[in-house]
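Single-structure report; data block below.
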Amino acid sequence: MTITDVSRCTMEVIEVEQFLRNPPPGFTVEAGYGFVKSDPENCCVFIDDFELSRGGKVVFQHSQGKKITVRNLGDYTRFRKNLTSKKIYILVSACESTPSSTDNKAPKNRRVLQQYVVSIDGRNPLIKWEIERGLDRTISSVAGESYRVDIDLCDALRGWEGESFCLLGNREKVTPVWKDTCFTLKYYSDALFDFPHWLGFSKRHFKISYHGR
């Protein structure tokens, strides 16, 4: 499933196979879908290397991966500017509603029904405001310390899917559970005794909303 009205959308959701067959502006695909080039001037890609369901590894050139590490204010400032001046791309998974195991709290055990490349436009005023607000709140709460912040698109995906979005699960249509919807900024300070970070108290999380078309 694809949102095709790019000029009016703040968000696009594209099946991986369709993305590789017909890449959007700013991307080219080579080596039998295995190597994806992107334009770093306009695209901010946070996608780790992954395997297709039919086999074959996919690598995104210029991708920073889903966990981005910065070590000083200059790196952080560049990261923030990239988020709010480019289109952001991540890979997410739509999973079955019922876990494959008896552990209902283990999303990693849910069967993947489909993978999608999700794009949001960081230049959009509403999305830009949400990103800047989320990062500002993180910094103000852990000033001078190392920290990590998860930037989550789960709410945006739920807003996009509406009530009619379904996938074929075990012989019946199901509303999927979204997985791998975050990318993470890790900031490491030079503080010698960074006890809150060592003890896991410097973790933050904020969500991006769906703003429609």
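The values are calculated or read from the model by the stated rules, or taken from the named source; none is laboratory data. This structure is a prediction, so every number in the text was calculated from the model and none was measured. Backbone-built Cβ (ideal geometry, glycine too); neighbour counts: all protein chains shown.
The residue of the stretch 55-82 that is surrounded by the fewest Cβ atoms within 10 Å (Cβ to Cβ), among those that are without any contact (Cβ under 8 Å) to a residue 24 or more places away in the chain and farther than 29 Å from THR138 by Cβ, is GLY55. Among the residues making up the stretch 52-85, those that are over 17 Å from the mean Cα position of the chain (by Cα) and assigned to a strand (DSSP E or B) are LYS57, VAL70.
Of the residues that make up the stretch 160-177, is at least one modelled with pLDDT of 80 or more, closer than 25 Å to ILE47 by Cβ and within 13 Å of the chain's Cα centre (by Cα)? No. Quick one: what pairs do we get from the stretch 17-41, first residue at positive phi, second of a type outside the set (A, V, I, L, M, F, W, C) and crowded, with 17+ Cβ neighbours inside 10 Å, C-beta under 7 Å, 6+ apart or different chains? Qualifying pairs under 7 Å: GLY26/SER38.
Step by step: first the residues of the stretch 112-145, then only those that are in contact with a Lys or Arg (Cβ under 8 Å, 6 or more places away or on another chain), hydroxyl-bearing (Ser, Thr, Tyr) and surrounded by 15 or more Cβ atoms within 10 Å (Cβ to Cβ), then the one that is farthest from ARG204 (Cα to Cα). Which residue is that? Result: SER119. What are the pairs with Cβ atoms under 7 angstrom where one residue, in the stretch 89-115, is closer than 16 Å to GLU51 by Cα and the other, located anywhere, is at pLDDT below 55? Sequence gap at least six, or different chains. Partner pairs satisfying both residue conditions: ARG111/SER100.
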